[in-house]
1. So, R0 is 22 Å and r is the distance between the beta-carbons of Glu19 and Val84; what FRET efficiency does that work out to, to 0.05?
2. Per-residue HN-Hα couplings for the range 71-79, Karplus 6.51 cos²θ - 1.76 cosθ + 1.60 at θ = phi - 60°, whole Hz, x for Gly and Pro?
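Read-outs throughout are calculated quantities, based only on the coordinates presented, and are distinct from any laboratory measurement. Because the structure is a prediction, the values reported are computed rather than measured. Here the Cβ positions follow ideal geometry from the backbone for every residue, glycine too, while neighbour counts run over all protein chains shown.
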Amino acid sequence: MPRCTSSVNYQTETATMSELICNGCFSLVLYNRGAANVRCSGCNRVNSTRSASQIAHLTCGRCRTTLMYPPGASTVGCANCQHVNPVRTQGSSAPPAMSMHV
Ligand SMILES: [Zn+2]
Ligand SMILES: [Zn+2]
């Protein structure tokens, strides 16, 4: 049975870009999905794209700006209004904490 060997997908420069948050300076870094590591242009830190493949999104509680933050962050400071947003873990199996202490 003839097997098609022409299915090599060359990397197109348009749809293969992804993004991560630099572990050093927390700035947004664009990289090619095929890359295993990406160097931040801001602080020259080499970030592994495997561990940083998930970027969480958060809407600022004050100005409604969409913020991006690395997984594991507890608070996210808004670059627009300087509001510090607490990160709530979603979709996890964490026990329901209904304590609403202000
Ligand atoms: Zn950086
Ligand atoms: Zn804001």
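1. 0.45
2. Once θ is set to phi - 60°, the couplings for the range 71-79 become x, x, 5, 9, 9, 10, x, 7, 6 Hz.
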